[in-house]
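Chemist: Next up is a structure, given as structure tokens.
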Amino acid sequence: MVTRPVFGGGKGDAASTHTSADWPLESDPVPVPAWSEQNIPGKDVGLLAARPIRRGERIMARTPAVMIDGASVDALPVDSFAGLLHDAAASLPEPHRGQFFNLSTNYGSTGEDTSENEAYQIFATNAFRTGVADGEPDLHSVFRDISRINHGCQPNCAYFFDPATLTHNVYAVVDIMQGEELTVAYIDPIQTNADRQAKLHRHWGFGCTCARCSLPPHRVAESDDRVRSIQALLTTLDDYTTPLPEAMSANVTVGPSAGELLVLLFELEGLHARMHEAEYRLALEWNGVGDALRATQAARRCLDRGLLVRGAEQAFLTNMRQLVADPAAHWSWKFRLDNGEKTGGEKNNTK
Ligand SMILES: [Zn+2]
């Protein structure tokens, strides 16, 4: 009899009475899927957390069902493109073919309709832009399951496409309770309520009813005011040519206090999937006045959050790693104090 190895003793000792053929043990817990597909009133289908999900957990990783060169989307007449797309999707092996044609369109669930127009509508509603490398043409990809995640303006999930493995990854950016709907942002959430609603109507044909959009009017007004402050701060902070003394006399908001305010506004607006962008600015502002320790703290937070929602291969993460390694050697060292001698370093690129 071959006994199942027990590592570290303790609670596992009882397992040593079983043979290797028992693996997995009947008493071992079956992994619980993180989500289940459900009909959601007013939204067609969505994904709900089937158990508590911790911040940072990868919820799914999918390779595309269909991948299309962006140049063909732009160059071909819609009829020709729809025909080619339909032929490609119709030739997919099952169950992928069924999963593709069962995706929602802006006009509701498609069910059994597998016409060319339906294939095009599915593509128009569900495709993600998935560039493979900088300078390469865009690819448009449709993924099963991931396309089922509905939009929210304070999303609890974020996704990024990993060109090395051709996988789309979805991560929880906050702790998610069982039964809570999984959401991602289809649009830039740093927009006023009216702008978000207009964009969602125009591109996806729905009005958003998320918690942020359903606030009473006086709180919508406060939220919109915070959004406008964020937009203004991003403009002034991304101008690396304004030295702090000059900015203070001109009432231009730059420097570490402005960076702290930006982080606070992101938190108040629930922009969990975008916090790395605020921390990035804060790290540069602290380094810009020569405070290496505080710059490193913000850079560490930027790295932690950025790695979660954008993957490892991003220029802004390299930038932050360089700052952490040697703040004084980083391009941003004391750039706010240099009275314009330095014209600033690399363009901000945390998006
Ligand atoms: Zn919303």
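The values are calculated or read from the model by the stated rules, or taken from the named source; none is laboratory data. Fair warning: this is a prediction, and the values are worked out from it, not measured in the lab. With ideal geometry, Cβ positions are generated from the backbone for all residues, glycine too; neighbour counts draw on all protein chains shown.
Chemist: Filter the stretch 84-120 down to the residues that are charged (D, E, K, R) and either in a loop (DSSP other than H, G, I, E, B) or not assigned by TED's automatic domain parsing to the domain that holds P163 (or both), then identify the one that is modelled with the highest pLDDT.
Modeler: Applying the filter and picking the extreme gives E94.
Chemist: Moving on to the next point. Are there any helices (runs of 4 or more DSSP H) wholly within the stretch 228-336 with 2 or more residues that are crowded, with 19+ Cβ neighbours inside 10 Å, and if so which?
Modeler: Where helices (runs of 4 or more DSSP H) fall fully within the stretch 228-336 and carry at least 2 residues being crowded, with 19+ Cβ neighbours inside 10 Å, they are 256-268, 275-288, 292-310, 315-325.
Chemist: For the stretch 208-232, which positions are away from the ligand (no atom under 14 Å from the Cβ) and in contact (Cβ under 8 Å) with a residue 24 or more places away in the chain?
Modeler: R226, R228, S229, I230, Q231, listed by residue number.
Chemist: Regarding F81, is this residue aromatic (F, W, Y), within 20 Å of T105 (Cβ to Cβ) and either surrounded by 12 or more Cβ atoms within 10 Å (Cβ to Cβ) or modelled with pLDDT under 65 (or both)?
Modeler: yes
Chemist: So is G205 at positive phi and within 16 Å of the ligand (Cβ to nearest atom) or not?
Modeler: So G205 passes the test.
Chemist: What's the number of the only condition in (1) surrounded by 15 or more Cβ atoms within 10 Å (Cβ to Cβ); (2) assigned to a loop (DSSP other than H, G, I, E, B); (3) of a type in the set (A, V, I, L, M, F, W, C) that A164 fails to meet?
Modeler: (1)
Chemist: Going through the stretch 185-202 one residue at a time, which ones are crowded, with 16+ Cβ neighbours inside 10 Å and either within 12 Å of the ligand (Cβ to nearest atom) or more than 18 Å from the chain's Cα centre (by Cα) (or both)?
Modeler: A185, Y186, I187, P189, Q191, T192, N193, R196, Q197, L200
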